[in-house]
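Data first, discussion second: the structure below is written as C-alpha cells.
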C-alpha cells in the first residue's frame, strides 16, 4: 500500500490506480507461486520415491556405459541440486539424456543395459 500526502484530486486518483495495480500484481504473483508449488508438489509426490530407487542404479550403469561417465556426474549433481531447491528441470533433462544413451547402448548390445532399468527409469522421469 502506497502512502502519499494528497495535494489535489489528481494525486488521489494516481494513488488509487497505483494501489489497484499493486493489488493486481500481488494477486497474480500469488497465483503463479501457488501453481508453481502445485507442479513441484505433484512431481515430488509421484516421482521422487521412484527416482530414489532407480537413480543410483542408473548412475552406476552410466559410469559403465561408454560415453556415460560425464552424464553420470551431471545427473548425480542435478539430483543433489533437486534435493536442495526442489526444481526438477535438471534431473528430468539429464535423466532423459541417460535414457537415450541406454537405448543406444542396448541397440548395440542387448545385455549392456537391462530393459527393466530403462523402463523403470523412464517411468520415474515421466
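Every number here is computed from the coordinates shown, using simple stated rules; none is lab data. No experiment lies behind these values; they were computed from the predicted model shown. Here Cβ is always computed from backbone atoms with ideal geometry, including for glycine, and neighbour counts include all displayed protein chains.
How big is the gap, in Å, between the Cα center of the stretch 94-118 and the Cα center of the stretch 52-73? Cα centroid to Cα centroid, the span is 10 Å. Between residue 69 and residue 89, the simple label model (points 7 Å from Cα in the Cβ direction) yields a spacing of 3.0 nm.
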